[in-house]
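One structure is given here, and the rest of the page talks about it.
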Amino acid sequence: MNILLMSMPDSFEHMPSIVIRMPNGALTSLAGNIDSHHQTAVADLILAQQNVRETVVSLIHELKPDLVGLSVMTFQRKTAKRIIDLVRSLKPDIRIVVGGYDPSLDPDAYMDLSHGLVDFIVRGEGELTFCELLRAIENESGYDHIAGLSYRSGERFYHNPDRAVRP
């Protein structure tokens, strides 16, 4: 499966974008835990703040991902939904996963069926949940057993229990 993981281009209002040049730690950790037979790319859109649309279009056309994952913080929600709509316009059948602080704290914000349509919401620490999701997609085994996952089936979302936190 071809997987494209993207961070949002918005930088924190008190941090100049020129300062933020390190890779997105959450996405690189996620990518490092994906089974090795997948083709995985990480795009840090903060490096493309001046040409986000063109960058996303180019990535979708060049990489031909089957699944796009977005890491989103609360102040990036509007941007994420615009990027999701763009990706859907380019490849309507693509699977879209959101994760990060905002989807974890407010999954309901991503259940809108008219704007920013997502298929999956990874809540909490995503490394295990995302890896299990990819395996379930490959094996067509369903999603109801994956802890920390919300998923869309038709026009309804289902929320699995959160992953147990170790003391």
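Only one residue in Ala80, Ala43, Ala136, Ala31 is among the small types (Gly, Ala, Ser) and either in a strand (DSSP E or B) or surrounded by fewer than 17 Cβ atoms within 10 Å (Cβ to Cβ) (or both). Which one?
Just one listed residue meets the conditions, Ala43.
So Ile121 passes all but one of these: (1) of a type in the set (Val, Ile, Thr); (2) touching a helix residue (DSSP H, G or I) at 6+ places or on another chain (Cβ under 7 Å); (3) in a helix (DSSP H, G or I). Which condition number does it fail?
The failed condition is (3).
Which condition does Ser153 not pass, out of (1) of a type in the set (Ser, Thr, Tyr); (2) free of Cβ contacts under 8 Å to residues at least 24 places away in the same chain; (3) crowded, with 22+ Cβ neighbours inside 10 Å, if it passes all the others?
(3)
Return the only residue of Ile137, Ile146 being in contact (Cβ under 8 Å) with a residue 60 or more places away in the chain and closer than 17 Å to Asn33 by Cβ.
Ile137
Please work out which one of (1) assigned to a loop (DSSP other than H, G, I, E, B); (2) among the small types (Gly, Ala, Ser); (3) within 23 Å of Glu155 (Cα to Cα) is the condition Ser89 fails and give its number.
(1)
Among the numbered criteria (1) of a type outside the set (A, V, I, L, M, F, W, C); (2) surrounded by 13 or more Cβ atoms within 10 Å (Cβ to Cβ); (3) closer than 19 Å to Leu27 by Cβ, which one does Glu62 miss?
(2)
No lab work stands behind these numbers, since they all come straight from the coordinates. Everything quoted here is computed from the prediction, not taken from an experiment. All Cβ positions, glycine included, derive from the backbone under ideal geometry; neighbour counts span all protein chains shown.
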